[in-house]
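Got a structure for you, questions after.
The values are calculated or read from the model by the stated rules, or taken from the named source; none is laboratory data. From a predicted model like this one, the values you see are computed outputs, not experimental measurements. Neighbour counts run over all protein chains shown; Cβ positions are idealised from the backbone, glycine included. Ligands, DNA and RNA are stripped out before the accessible areas are found, and what is left, the full protein with its side chains, is counted by its heavy atoms. Shrake-Rupley method; radii C 1.70, N 1.55, O 1.52, S 1.80 Å.
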Amino acid sequence: MNKIQIPDDLINLLINSERVVVLTGAGVSAESGIKTFRDPDGLWAKFNPAELASMNGFMKNPELVWDWYQHRREIINKSEPNPGHLAIAQMHQLFSKFALITQNVDRLHHRAGSDNVIELHGNIIENYCVDCHTYYDEQIGENDLSLPKCKKCYGKIRPAVVWFGEMLPEAALIKADELSRNSQVFFSVGTSSEVYPAANLPLLAKENGAVVIEVNPNETAISRYMDYRFRMPSGEILPVIIERIKERKGLI
Ligand code: OAD
């Protein structure tokens, strides 16, 4: 029997809910060995986002930016989904109108078995030409030591992630907004809630009547608005929540 206590009223609510939404951030992949951004050992403590995560930075030094993303891809390719990703993947079966929204670009949710993942910040697997917007998969970079060029127009190729100062993909944002407003239960998992508009989604859910839950070992900008707070790594707490739901539904 696992010692982590989950309040009975929360489990009751979950087994009676259909519209459950999970929003994830970098923390959900931390237990897979992928660094977060704003923790003390996070990427933005060591690297400058203006240089490495903006169009200006890319135009000033495209090779440096390309190499940095290639390095991050190597780490991601070697990593595996952790129990947090796997627990979230099971939620698709447990709630009939489940939705997963992520700020992560690593595609570990897909590899854990989640489908229809709403990616707010793009993904690090694909690339596109800054001039003609032709998309390329990660193979484009495989044989290049420095920046690859577009096969159609010879433009510079960049990763398909959303950088600072750029718009989020409109369809994903509209969908995320609508799902959050209509949710009955909303989980905010592994995000510092410092980056908008994603940080607003749990608040939007709450304003519209959802019960909001935070899973994060640390306090965040929105912790005080949460109905339940689990100060634990997502890979530890989420599998326990899933186990309790399955027990109550008679699935185990
Ligand atoms: P942050 O690095 O800002 O926050 C990560 C959060 O995860 C922190 O609040 C940690 O306390 C928490 N955390 C760490 N380990 C955890 C664990 N094992 N389980 C659960 N939580 C854990 O990352 P994001 O909130 O995702 O943007 O950052 C948002 C955006 O800022 C990113 O998508 C990225 C970045 O700049 C782009 O790349 C566009």
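Return the FRET efficiency for the residue pair Gln139, Lys246: r is the Cβ-Cβ distance, R0 is 45 Å, and the value is rounded to the nearest 0.05. Write down the numbers at each step before the final one.
Values: r = 40 Å, r/R0 = 0.88.
The value I calculate is 0.70.
What ranking do 103-114, 223-234 get when scored by the average of other Cβ atoms within 10 Å per residue, highest first?
On the way: 103-114: 21.3, 223-234: 16.7.
Averaged packing, sorted descending, gives the order 103-114, 223-234.
Let me ask something else about it. What nm value, rounded to one decimal, do you get for the distance between Asn182 and Lys60 when each label is placed 7 Å out toward the C-beta?
4.4
Go through 236-245, 45-54 and give me the packing order, highest mean Cβ count within 10 Å leading.
Numbers: 236-245: 20.6, 45-54: 14.6.
Highest mean packing first, the order is 236-245, 45-54.
Please determine, in degrees from 0 to 90 and to the nearest 10, the orientation of helix 83-94 with respect to the longest principal axis defined by the Cα atoms of the chain, where the helix direction is its Cα long axis.
60
If you find the alpha carbon centre of region 179-230 and of region 48-65, how far apart are they in angstrom?
31
Now a separate question. Once phi is turned into ³J(HN,Hα) by the Karplus curve 6.51 cos²θ - 1.76 cosθ + 1.60 with θ = phi - 60°, what whole-Hz value does each residue of region 98-115 show in order, with x for glycine and proline?
Whole-Hz 3J(HN,Hα) from phi for region 98-115: 6, 9, 10, 10, 10, 9, 7, 10, 7, 6, 5, 4, 4, 5, 7, x, 6, 10.
Heavy-atom accessible area of Trp44 with all protein chains present, probe 1.4 Å, nearest 10 Å²?
Rounded to the nearest 10, the figure is 50 Å².
Among 71-82, 183-194, how do they line up by average Cβ neighbours within 10 Å per residue, starting with the highest? It would help to have the intermediate numbers written out before the result.
Details: 71-82: 15.3, 183-194: 24.4.
Answer by packing, highest mean first, reads 183-194, 71-82.
What is the gain in length, in nm to one decimal, between Glu170 and Cys153 on full extension, counting 0.36 nm per residue of separation less the C-alpha to C-alpha distance? Walk me through the numbers before you get to the answer.
On the way: separation 17, 0.36 × 17 = 6.12 nm, distance 2.61 nm.
3.5 nm is the gain from fully extending Glu170 to Cys153.
In degrees between 0 and 90, to the nearest 10, how far off the longest principal axis of the chain does helix 62-78 point, with axes built from Cα atoms?
That helix lies at roughly 40 degrees to the long axis.
Helix-only mean residue ellipticity at 222 nm, the chain, DSSP H runs n ≥ 4 weighted -39,500 (n - 2.57), per residue, nearest 500. What is it? Walk me through the intermediate numbers first.
Details: 10 runs with 91 residues, N = 252.
Helix-only estimate at 222 nm: -10000 deg cm²/dmol.
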